C-alpha cells in the first residue's frame with residue numbers, strides 16, 4: 001500500500017473505453033493513485049460493469065449519459081461521454097455518495113466524501 005501521508009487523484013479522458021483502456025491500466029497500476037476520475041468512457045449503461053472488471057483493487061461509481069437517449073430515440077454516434085470515479089477499495093469502505101443531482105435533466109452532479 002502507498003504511503004498514507006498523501007492522497008493521489010488522477011483525471012483521465014478515455015476518448016472511448018476501447019481507446020483509453022491501456023492508459024487506464026497504467027493508472028490502476030500506479031500505487032500513488034487512489035482515485036481516478038474518468039471522462040468520456042462512451043459506455044452504455046448496461047456496459048458500465050466493464051470499468052469495475054479491469055482491476056480488483058478499484059471500485060467504480062459510474063454514470064452513462066446515454067440512458068435517456070437510448071430510451072427516446074434510435075441510437076447513433078456518441079451522444080454523451082459518461083463519467084466515473086474509480087476508488088481504491090480500501091478507501092471505498094469510507095466513501096459516501098453525498099449527493100447526486102440532475103443538472104439540466106442530462107448531466108448529474110456528484111459529491112463524494114471520503115474519510116482518509
Within 10 Å of each residue's Cβ, count the other Cβ atoms and sort 41, 15 from fewest upward.
15, 41
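Give me 89, 53 sorted ascending by neighbouring Cβ count inside 10 Å, so fewest comes first.
53, 89
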Can you compute the modelled spin-label distance between residue 44 and residue 26, with each label point 7 Å from Cα toward Cβ, in nm?
3.1 nm
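The numbers here are math on the coordinates, done by the rules we state, and not lab data. Please read these numbers as outputs of a predicted model, since none were measured by experiment. All Cβ positions, even for glycine, are placed from backbone atoms using ideal geometry, and neighbour counts span all protein chains on display.
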